[in-house]
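Asker: Questions regarding the structure given below will be posed in turn.
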Amino acid sequence: MYQLRRFATRHARAYEMVYNASSPIILATLTVFNKLFGSKLDAPVTWFEKQVKGALFDCKMCGNCVLSSTGMTCPMNCPKTIRNGPCGGVRANGNCEVKPEMKCVWVDAWSGSQKMKHAQEIELIQFAPNHQHKGSSAWIRLAKEGGTNRATKSVSKAEV
Amino acid sequence: MNAQASQHPPVDNLGSPLPEAVGHVSQGRFERVLRQGHFVVTSEIAPPDSADADQVYERAALFDGVCDAINATDGSGANCHMSSVAVCALLSHVGYSPILQISCRDKNRIAIQGDVLGAAAMGVCNVLALSGDDVSAGDHPEAKPVFDLDSISLLTTIRTMRDESRFLSGRKLDKAPKVFAGSTINPFVPPIENRVRQLQKKVAAGAEFIQTQYCFDLPVLRDMMRRSVDMGLTEKAFILAGVGTLASANTARWLRTNVPGVHIPDELIQRLEGAENQKAEGQKICVELMQQCKEIEGISGVHVMAYRQEKYVAEMVRQSGVLDGRQVWAPGY
């Protein structure tokens, strides 16, 4: 999983393209599902999201997905679950202060974001996640709220 | 004078809070001195492993006359000590200008917002938002790490409470906490090229002052400051460079190996090794760093970190001359 997660960061541009292409389809499908079946399919959809994003990004199912704003690197893999990283403890080799064998999630995030078309999105302030959403599907919530795949809702303040 | 009065410095009206001033967010002396354009000096207290208030006052008194504000660390290195809120309340009571460090490691947003209100009620005018070291670094590695917020979310929280007079939930505050908000930055660890953009994020989130990690590598600091000035960040936030004294070459090696985020160039360690009196050389280096930081455009002050060497801070600051002869307020002056 760690290797796949790091592969996603190295190929953030390609992942972004796939993500941007697939997200509207996924959201449209889920919107239709929601209209037809209500919440009956929430459990299998959540399971499916967990399998796909878990395999590709080591997704922790925080339910507040910001992958497209963090260089396709899931920030919940940071031991401090920092959403606006990195912290000041990164090792000289770019590895994590807490897990010395792991590359700092946010060093990867900044590097991944610079490969992406929407490179500046990492500069947006992401407020701490809503813990009520933990374990739930970010896709379903976006579909129900009619949102986009870009995490504009958690951006609390304008840039400098 | 009874024994208690001699141990506790007298309450003096020249301390905080000061009268409200236009364009100032707090009534604290730290913000006032910065906005007056002075080069400031701050240092930090290691809160005692004790329930004795006098230990706090004894530690603070070491900085009398040379420090504009005193940071009270919040379980630094994830080790348990007296709480930073309590240290700041004690210091505020006698007129000092403490900086309340809040680490996101130990408290969730409910506890933190309560602390910000409580601290402000007790006269604390400055808050520093930190993510905090992980619990694994300290003496209670079995503790549950909280990290509900991170430093930028914490800044947003403080600014929401202060500027919108409400909790994050939206519930109104009868009186907003008028605190000067700050955070930290470490210019010396990866991703070095993006650290200035993270600084930009912190300023956007509401940081009005920044205290950096130890600056022993001035070329890197100069580069970040040049970019900060170009981006206009130093017009929005006061940057204080972190400086420190190294007791010996071995201490320096231990620090950079064991304390996350500390970067000390090899040349500096060699200079210490070659010195006859390593401790004196470490202090000389610290004095030089203060003087050099003062010359860097955009730097508004220095933050002196001298863990277990606090008694040398006053002399080093005086030697450096960075205060330009300014007499800093202290109880009894």
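Asker: Do we find a residue being surrounded by fewer than 19 Cβ atoms within 10 Å (Cβ to Cβ), of a type outside the set (A, V, I, L, M), part of a helix (DSSP H, G or I) and in contact with a helix residue (DSSP H, G or I) (Cβ under 7 Å, 6 or more places away or on another chain) anywhere in the stretch B:256-270?
Answerer: no
Asker: Let me ask something else about it. Mind listing just one residue for me: the one in the stretch A:69-110 that is among the polar types (S, T, N, Q) and more than 7 Å from chain B (Cβ to nearest Cβ) and, of those, farthest from B:D133 (Cα to Cα)? Spell out how you get there, then give the answer.
Answerer: Within the stretch A:69-110, the subset among the polar types (S, T, N, Q) is A:69-70, A:73, A:77, A:81, A:84, A:93, A:95.
So of that shortlist, the ones also more than 7 Å from chain B (Cβ to nearest Cβ) come out as A:69-70, A:73, A:77, A:93, A:95.
Working: A:S69: 25, A:T70: 22, A:T73: 22, A:N77: 16, A:N93: 18, A:N95: 15 Å.
Restricting to residues being among the polar types (S, T, N, Q) and more than 7 Å from chain B (Cβ to nearest Cβ), the top hit is A:S69.
Asker: If the requirement is being modelled with pLDDT under 95, assigned to a helix (DSSP H, G or I) and within 14 Å of chain B (Cβ to nearest Cβ), which of these qualifies: A:Q132, A:Q120?
Answerer: Working: A:Q132 fails: modelled with pLDDT under 95.
Criteria check complete, one pass: A:Q120.
Asker: Taking B:S183 and the conditions (1) over 22 Å from the mean Cα position of the chain (by Cα); (2) not in a helix (DSSP H, G or I), which numbered condition does it fall short on, given that it satisfies the others?
Answerer: Only one criterion is unmet by B:S183, namely (1).
Asker: Please tell me if A:L56 is more than 21 Å from A:F127 (Cα to Cα), modelled with pLDDT under 95 and touching a helix residue (DSSP H, G or I) at 6+ places or on another chain (Cβ under 8 Å). So that I can check it myself, show each step before the final result.
Answerer: On the way: more than 21 Å from A:F127 (Cα to Cα): yes; modelled with pLDDT under 95: yes; touching a helix residue (DSSP H, G or I) at 6+ places or on another chain (Cβ under 8 Å): yes.
Spelling it out, A:L56 is indeed more than 21 Å from A:F127 (Cα to Cα), modelled with pLDDT under 95 and touching a helix residue (DSSP H, G or I) at 6+ places or on another chain (Cβ under 8 Å).
Asker: Just wondering, is there one or more residues in the stretch B:220-230 that are closer than 30 Å to B:T160 by Cα, within 14 Å of chain A (Cβ to nearest Cβ), assigned to a strand (DSSP E or B) and hydroxyl-bearing (S, T, Y)? Spell out how you get there, then give the answer.
Answerer: So in the stretch B:220-230, the residues closer than 30 Å to B:T160 by Cα come out as B:224-225, B:227-230.
Now restrict to residues that are within 14 Å of chain A (Cβ to nearest Cβ): B:224, B:227-230.
With the extra rule that they be assigned to a strand (DSSP E or B), the set shrinks to none.
For the stretch B:220-230, residues closer than 30 Å to B:T160 by Cα, within 14 Å of chain A (Cβ to nearest Cβ), assigned to a strand (DSSP E or B) and hydroxyl-bearing (S, T, Y): absent.
Asker: Here's a follow-up. Which residue is farthest from the other protein chains (Cβ to nearest Cβ), if the candidates are limited to the stretch B:257-287 and must be without any contact (Cβ under 8 Å) to a residue 24 or more places away in the chain and acidic (D, E)?
Answerer: Per the criteria, the residue is B:E276.
Asker: With the requirement that a residue be touching a residue at least 60 places away in the same chain (Cβ under 8 Å), at the interface with chain A (Cβ under 7 Å from one of its Cβ atoms) and either in contact with a Ser or Thr (Cβ under 7 Å, 6 or more places away or on another chain) or not β-branched (V, I, T) (or both), what does the stretch B:177-214 give you?
Answerer: Passing the criteria: only B:N186.
Asker: For residues that are surrounded by 15 or more Cβ atoms within 10 Å (Cβ to Cβ) and assigned to a loop (DSSP other than H, G, I, E, B), scanning just the stretch B:275-298, find the one that is farthest from the chain's Cα centre (by Cα).
Answerer: This residue is B:A275.
The values are calculated or read from the model by the stated rules, or taken from the named source; none is laboratory data. This structure is a prediction, so every number in the text was calculated from the model and none was measured. Every residue, glycine as well, gets a Cβ built from its backbone with ideal geometry; the counts of neighbours run over all protein chains shown.
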